[in-house]
């Protein structure tokens, strides 16, 4: 048994969907969440910058004593997953693998679509992981404005539907029957995405699938919180103000995020795979 918190990280508020799913599945587990609002959004940034920002935040979480790291950001997962699993001695869970496994088991016509940020789609990580199944056809589409809408708190408007129609038209024409929401911000737009894609297309969201992966890792490593554990939820952000994070989190999550601590992430020496290596 281990009552230390689970560390969850995203570039902004999108990873709150993963934090919510983890808390619903594991209500006794404490959560420490960091949104890297100082550098959000990650999607359009060079992969080298995303790697540096991500490892800085993961270092900060580990310094605060978490028992597991959850990279609740597709762009960051694509940039640092291998580095993180070599760098840290705690379990590392990411959002891409769980969604890929579910998509493979869900599709009926073997035509799978993936939407994500420019960085995630450009990395090719979904194409590579899905492409090992030779009978699958994979179709991708970058949807950069989706994150902008969510970060602005706009999840249901005529403009959102218009942009969704534009982004998703190629995937509809390709005849996909399964669509992976390859960004943790996108579940907030699930209504619009489902409406545009139609009732015959299954949406795969990484938040619930990642939470299941977290559960499996904790059980297999005997890291579950004890039966008398009282869960705490702490939220941190790297930007200059916590007010915007709190307002947006309240609006999107439908529950109170009463306080957010501001933290600074320090510079790290990227060539060394383990923290503290000289």
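Each value in this text was obtained by applying a stated rule to the coordinates, not by laboratory testing. Just so it is clear, the structure is predicted and the values come from calculations on it, not from any experiment. Here the Cβ positions follow ideal geometry from the backbone for every residue, glycine too, while neighbour counts run over all protein chains shown.
Before moving on, here are some points about what is shown:
- For the chain, built as a Gaussian network whose Cα springs stay under 10 Å, the top-fluctuating residue of 30, 259, 157: 157
- The residues 39, 173, when put in order of fewest to most other Cβ atoms within 10 Å, stand as 173, 39.
- Calculated [222 nm] ellipticity per residue, helices only, for the chain: -13500 deg cm²/dmol; basis is -39500 (n - 2.57) per DSSP H run with n ≥ 4, divided by all residues, nearest 500.
- Burial ordering of 149, 9, 139, fewest other beta-carbon atoms within 10 Å first: 139, 149, 9
- A viscosity of 1.002 mPa s and a temperature of 20 °C, combined with the Kirkwood radius over C-alpha pairs in the Stokes-Einstein formula, give the range 162-249 a diffusion coefficient of 130 µm²/s.
- Relative contact order [Cα under 8 Å, 6+ residues apart], the chain, whole percent: 28
- 160, 80 arranged by Cβ crowding within 10 Å, fewest neighbours leading: 160, 80
- In percent, rounded to a whole number, the relative contact order of the range 96-206 is 36, using alpha-carbon pairs under 8 Å and six or more apart.
- For the range 96-206, fraction of C-alpha pairs farther apart than 16 Å, in %: 53
- Long-range Cα-Cα pairs in the range 1-89 (distance over 22 Å), rounded percent: 22
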